[in-house]
Amino acid sequence: MDDPAVTQRFKALLLCAAGLVVAIFIGWNIGAANYLELVLGAVAFGGIFIAFFLGRFFWVLTIASSFLTGAFPILGGQITPFEILMAVGIAKFFVEDIVLRRARLKPGNRFDLFLIAGFMAIITVHAVHDRFGSRFLGSSVWGGHNYVAVYVGLAAYFVIQSIPMQSRVWAKLPYVALAMTMFDVLIGAITTIFPSLIFKIWPYYSAVSVAGIEEVLTGESVTGRVILFAYFGFVLILLVLASVSLRQIFNPRNLLRWIGLIAGFVTILFSGYRSMVLSAVIGFLAAGIRDFKYAVVLFLPFLAFVLFALSFINSDVVPLPKQMQRALAFLPGKWDADMAKDAAESTKFRLDIWSLWMHNYFPERPWLGRGFGFSREWAKPNALNPKGLDYRALVEVQNIHNGLFAAVDTFGIIGTIFFVIWNLRILAWTFRVSFQGNDASGMALRFLALYLAAQIGSYWWGALHVGMFLPQEFALVGVFLRLRHSIESKSMPMLSSKADVKGEIHEELAGV
C-alpha cells in the first residue's frame, strides 16, 4: 500500500462499499418496517455525518447528493437531500469561512456572472410575483419547490467557487455519486419486486419504482420501466469513460472496464427509457471528442453497429426483455407490439403537449415567460383544442417534455438567450478536458465534463424542465470550473519553469 494511486483506489472502493452497505441497511429496514433499528442506524450515521461536517468531505457528500432522485416529505412539500445538506452547508460556509475570514465569496468569471444574472433576474421577478410559491411550500403545482431548488443550486455554485479545494478529497466525487445512485437502485428494485412496500417507503423517501406504482394502481405494469436503473447505469458508464481513454479501451488490461460499460448499458436498457439510451450515446460521443477530436466521426459506425446488432438479435435470434425493447424502439426492428405501441403513444403525447403549449401558453408571455408559478385563469377550457384539455395540468407545472420549450416557458425568449449562451460556454469547456496532467482530481474533472456534456446535450429535447435540470447543473458546474481552474493553476508553474530553462539554454548558446 505504499503506492499512492493504489491507496487512492482502495479508499474509493471502500467508500463505495460503505455507501452500498448503508443503502442496503436503510432500504431493508424501511421495507421490513424495522423502525427501531433504522433510528439507531440514523444516530450512528449522524455521528459519521458530524465527522464529515468537520472536514471538506462534507461538500463532496453535498454535491453528490444532487444525484439522488428522491425527496423527503417535509413542511408539506418534497425537500431533496441536496437542499437539506446545502442549507447546512450555507450555514457552515458563513460561520467557518466568512465570519472567521478563511475565505470570501467569489462570483467567478464576470461574463458567466452576467449570463447567469440575465436569466436569474427574470426568475426572481416571477418569484416575487408568485410569492416564491409559498402557498404550498415545496409544491410543484405552485412552483414553490422549483424556486427553492434553483436558488439552492445557485448558492451551491457560488459557495463552491469560494471554498478551498483539496484535490484528494474531490477525487472521490464520482464514486460517491455512484454510491448515491446505488441507493436509488436498491429502493427501485425493492419497490418493483414488492410493490406493496411503496406505502411504507413513500412517506419517508419518494424515489420508488414507477413500475411498482403502476402495478399497485392497475394490477400490472405494461412496460416495467424503472428510471432509477437508468441513472445508475448512466453514471457507471461515464465513470468508466472518465477513467480510461478510448484510445486504450481495447487493451486487454481494461477488461473490468469493459464489464462496467456493458453492465451500465444493460442497466440503462433495462430501465426502458429511450431518452437515457440517447444520453449514454451522447456521453460516448463526448468521450470520443475528448480523445479523437474531429476523428470522432470514425467512432460513429461502432455505436451504430452496437445498436443495430441489438435490434438484429431481438428480431432474428432471441427476443430481449420487454423493457429493453421499449428502450430501443426508436430503431428499425421487430419489437413487441405492446412496447412499440407504448413508445408511439409516448411520442404522440409529446407532440400533443408541445402543440398545446405553443398555441395556448407561449403567446401569453413570449418574451419573459411565466416562471414557475401557476395562474388559474390559464386553466380555462379551450374550444380550439379540446384534446389538449387532458394535458393542461401537466403544462401548468411545466411538464412539457421538451427542455427548450420549458426554458422558454420559464425565462421567455430573452432569458432563454442568456441561458442557451451560458450552456454553450459550459459545453465548450467540457470538450477541452483531456487526460493531460497528473492531478488527483483529474478523474473527477473528466467525469464532470462527460456528465455535463451529456446532460446539456440531451436536455433540450428531454423530459426535464428547468426546475429539475438547473439546480444540479449549477452545483456541478461550480465544481467543474473550480477543479478546472485549480488544475490549470498548478500546471502553470511547470510551464513557466520549462520556459525559464529554455530561456537559459538560449542565453548560454548565444553567449557561446
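Annotations
- The residues neighbouring Trp170, those whose beta-carbon lies less than 9 Å from its own, together hold a net charge of +4 under the Lys/Arg +1, Asp/Glu -1 convention.
- In the range 217-273, the portion of solvent-accessible area held by carbon and sulfur atoms comes to 66 percent [1.4 Å probe, whole percent, DNA, RNA and ligands not counted].
- For Phe72, the residues 5 or more places off, or on other chains, whose built amide H falls under 5 Å of its own are Ile79, Thr80.
- The gain in end-to-end length when the Gln436 to Ser167 segment is fully stretched comes to 95.3 nm, 0.36 nm per residue minus the alpha carbon separation.
- For Leu368 and Leu300, a Förster radius of 45 Å and the Cβ-Cβ distance give a FRET efficiency of 0.65, rounded to the nearest 0.05.
- Accessible-area order (highest first, 1.4 angstrom probe) of the listed residues Ser489, Ser206: Ser489, Ser206
- With all protein chains modelled, accessible area of Arg225 [1.4 Å, Å²]: 50 Å²
- Dipole axis of the range 189-257 (+1 Lys, Arg; -1 Asp, Glu on Cβ), positive-most option in Ile237, Val208, Ser196: Ile237
- Each other residue within a Cβ distance under 15 Å of Gly212 adds +1 if Lys or Arg and -1 if Asp or Glu, for a net charge of -2.
- Solvent exposure, largest accessible area first (probe 1.4 Å, DNA, RNA and ligands not counted), of Val88, Val235: Val88, Val235
- Residues Thr416, Thr267, Thr69, sorted by accessible area with the largest first, give Thr69, Thr267, Thr416 [1.4 Å probe; ligands and nucleic acids excluded].
- Note on the range 126-253: along the principal axes its Cα atoms extend 52, 44, 23 Å, ordered by decreasing extent.
- Positive minus negative residues near Phe419 (Lys, Arg vs Asp, Glu; Cβ under 13 Å): -2
- Distance between the 7 Å Cα→Cβ label points at Ala309 and Ser206: 4.1 nm.
- Once backbone amide H atoms are built at 1.01 Å from N, Gly108 has no partners under 5 Å, excluding neighbours fewer than 5 places away on the same chain.
- In this rough spin-label picture, where each label sits 7 Å from Cα along the Cβ direction, the Trp258-Lys341 distance is 4.1 nm.
- Computed extension length for Ile417-Leu394: 5.8 nm, one decimal, from 0.36 nm per residue of separation with the Cα-Cα distance subtracted.
- Of Phe302, Asn360, Gly288, farthest towards positive along the dipole that unit charges on Lys, Arg, Asp, Glu beta carbons give the range 227-377: Gly288
The values are calculated or read from the model by the stated rules, or taken from the named source; none is laboratory data. Here the structure is a predicted model, which means the values were calculated and not measured. No Cβ is skipped: glycine too gets one built from the backbone with ideal geometry, and neighbour counts run over all protein chains shown. In case anyone asks, the SASA skips ligands and DNA or RNA and just uses the protein heavy atoms, side chains included. Shrake-Rupley method; radii C 1.70, N 1.55, O 1.52, S 1.80 Å.
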